[in-house]
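Here is the structure we will look at.
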Amino acid sequence: MSVKLQQITNLINNLAPKHLAYDWDNIGLQLGDYNQDVSRVLVTLDVTEEVVKEAIDSDVDLIVAHHPVIFKGISNIRFNTPLGKIIQKAIKHDIAIYVAHTNYDIAGDGLNDLLAKRLGLVNTEILKVTEVEDLKKVVVFVPEDSISEVKEAMGRAGAGWIGNYSDCFFEQKGTGSYRPLAGSNPYIGTKDELSEVEEYRLETIVPAKILSRVINKMVKAHPYEEVAYDIYPVDNKGQAFGIGRIGYLEESILLKDYVQGVKDALNIDSVKVVGEDNTEIKKVAICSGSGADLIKTASFKGADVLVTGDVKYHDAQLVLEEGLTLIDAGHYETEQIMRDAVVSYLVEKTANDNLDVEIVKSQINTNPVRIV
């Protein structure tokens, strides 16, 4: 059975929800048709001409990338430009392109969590919060014989999550009363007669962003023709999301030794360092890609070192002024680890869903910088 592109992108959106992306970012389906068939997927950090050629040679139908190929608005597509050549070749060979960028950076179990684990951090938290979930409380009244079905439908739609706990519901038994009128088709009771039924008040927490989906699933699973439910605002907030991570090493280490550990963890030969070799490192802040704008945040939160990429000369001076140290491991080097992670995720999820599609990792080094 053929697999539709929409099925693959749904899996990616579960990993990196699109609403988490920065407003300036351009993510999602940049080229292609959600209804097109997909049998082979290529995961890459960047979409370059060489990567597109790799996709063509490997009979790939979908490229999943971290960096957008179309970032800002374009007024023309000229086939003699690098971007134009990429678009032309991709369209000619029916290759779709899907991007998960800052939404994957920010997401829980996304790129920054991946980097934090790779660099040995424990007890991590978000370095800079960008969004906190708005929550709603949903209360629905359900007959006793339908409690399990309604709870399962709501839970599978995303209701009932509190921290690391799922399927969190409260039930209270009571008596519901109603009179079915002309034109009704009651599940329990008789038209024009007052009915009293043993029901359960079922309540749970739902993130506001998925409220409509939960309500739709709840109504479909509910046996009543007219479902009685209430939605309440709540002051407590849900899960926080944000860029970068900050945490601790298992044991303190000198900066010079942690530098070697970072190089080993990322399989790189060199990094740029700001700070003295014998500085003791225990609390570490990280940000994949470009994180120089988080220098003051890392300092304020008590980090001993910030590991990131794309650090400029004056950023390095700011590091010293803040009493911080820094390891610039490179933009590409701190993000290229996403390829293995996304491949593993998609292989697992497509297998679980019995989707007949092959997931492969790009073998192209797209780093435009080399050390000589």
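The values are calculated or read from the model by the stated rules, or taken from the named source; none is laboratory data. Here the structure is a predicted model, which means the values were calculated and not measured. Cβ coordinates were reconstructed from backbone atoms using ideal geometry, including for glycine residues, and neighbour counts include every protein chain displayed. For the accessible areas, the whole protein counts, side chains as well, though only heavy atoms, and no ligand, DNA or RNA atoms are used. Shrake-Rupley method; radii C 1.70, N 1.55, O 1.52, S 1.80 Å.
Gaussian network model of the chain, Cα springs within a sub-10 Å range: biggest mean-square fluctuation belongs to which of GLY238, GLY108, GLY183? So, out of GLY238, GLY108, GLY183, the one fluctuating most is GLY183.
The length gained by stretching the chain between TYR34 and ARG156 to full extension, at 0.36 nm per residue less their Cα-Cα distance, is 41.6 nm. Candidates PRO233, ASN35, ALA208 compared by Cα position along the dipole of the chain: farthest toward the positive end lies ASN35, with charges placed on Cβ. Ignoring lysines fewer than eight residues from LYS282 along the same chain, the ones with Cα atoms less than 27 angstrom from its Cα are LYS117, LYS128, LYS256, LYS263, LYS272, LYS296, LYS301, LYS312. Only one residue of PRO186, ILE56, MET154 has its Cα farthest out toward the positive end of the dipole of the chain, where Lys and Arg carry +1 and Asp and Glu -1 on Cβ, and that residue is ILE56. Residue pairs exceeding 31 angstrom between C-alpha atoms, taken from LYS237/LYS361; LYS72/LYS92; LYS151/LYS283: LYS237/LYS361; LYS151/LYS283. Here the chain is assigned +1 on the Cβ of each Lys and Arg and -1 on the Cβ of each Asp and Glu. Its dipole about the Cα centre then comes out at about 800 debye.
The distance from the alpha carbon centre of segment 312-347 to that of segment 136-162 is 42 Å, rounded to a whole number. Computed from backbone phi with θ = phi - 60° and the Karplus coefficients 6.51, -1.76 and 1.60, the 3J(HN,Hα) list for segment 202-217 is 10, 9, 7, 9, 9, x, 4, 5, 10, 4, 4, 5, 5, 4, 4, 5 Hz; x is used for glycine and proline.
The candidates HIS19, HIS331, HIS222, arranged from most to least accessible area with a 1.4 Å probe in the full protein assembly, appear as HIS19, HIS331, HIS222. Largest first, the residues VAL41, VAL311 sort by 1.4 Å accessible area into VAL311, VAL41. Multiplying the residue separation of ASN216 and ASN354 by 0.36 nm and removing their Cα-Cα distance gives an extension gain of 47.1 nm.
Counting only Cβ charges, +1 for Lys and Arg and -1 for Asp and Glu, the dipole size of segment 197-261 around its Cα centre is about 420 debye. Can you give the translational diffusion coefficient of segment 211-296 in µm²/s, computed by Stokes-Einstein from the Kirkwood radius over Cα pairs at 4 °C and 1.567 mPa s? So the translational diffusion coefficient is about 72 µm²/s.
Summing Cβ point charges (Lys, Arg +1; Asp, Glu -1) relative to the Cα centre of segment 250-317 gives a dipole of roughly 260 debye.
For segment 315-324, the Karplus equation 6.51 cos²θ - 1.76 cosθ + 1.60, evaluated at θ = phi - 60°, returns couplings of 5, 4, 5, 5, 4, 5, 4, 7, x, 10 Hz by residue, with Gly and Pro reported as x.
What figure, in Å² to the nearest 10, do you get for the accessible area of THR204 with a 1.4 Å probe and non-protein molecules left out? For THR204, the solvent-accessible surface is approximately 10 Å².
Estimated from the Cβ-Cβ distance and a Förster radius of 56 angstrom, the FRET efficiency linking GLU125 and LYS85 is about 0.80.
In this structure, GLU250 and ILE74 have a Cβ-Cβ separation that, at R0 = 56 Å, corresponds to a calculated FRET efficiency of about 0.70.
Accessible area per residue for the chain is 53 Å², calculated with a 1.4 Å probe on protein heavy atoms, without ligands, DNA or RNA. Looking at the P(r) of segment 88-204, how many percent of alpha-carbon pairs lie beyond 21 Å? Roughly 65 percent, rounded to a whole number. Can you send over the carbon and sulfur percentage of the accessible area for segment 204-317, probe radius 1.4 Å, protein chains only? Exposed carbon and sulfur together represent 47 percent of the surface. Rolling a 1.4 angstrom probe over segment 1-139 with all protein chains present gives an accessible area of which 48% lies on carbon and sulfur atoms.
Projected label points at THR366 and TYR232, each 7 Å from Cα along the beta carbon direction, are separated by 4.8 nanometres. Comparing mean-square fluctuations of HIS101, HIS67, HIS93 from a GNM of the chain with C-alpha springs under 10 Å, the top value falls on HIS93.
At 37 °C and 0.692 mPa s, grab the translational diffusion coefficient of segment 270-372 from Stokes-Einstein with a Kirkwood Rh over Cα pairs, rounded to a whole number in µm² per second. This corresponds to a translational diffusion coefficient of 210 µm²/s. Kirkwood radius, the chain, all distinct C-alpha pairs, inverse of mean reciprocal distance: 23.7 Å. Given a 1.4 Å probe and the protein chains as shown, TYR248 ends up with an accessible area of around 90 Å².
Here's the picture: a label point sits 7 Å out from the Cα of ARG118 along the beta-carbon direction, and within segment 312-328 the residues with their amide nitrogen under 18 Å of it are 327-328. Computed with a 1.4 Å probe over protein heavy atoms only, the accessible area of PHE170 comes to about 110 Å². For segment 322-371, the square roots of the Cα gyration tensor eigenvalues, ordered a ≥ b ≥ c, give a/c of at least 1.5 with a/b no greater than b/c, which places it in the oblate category.
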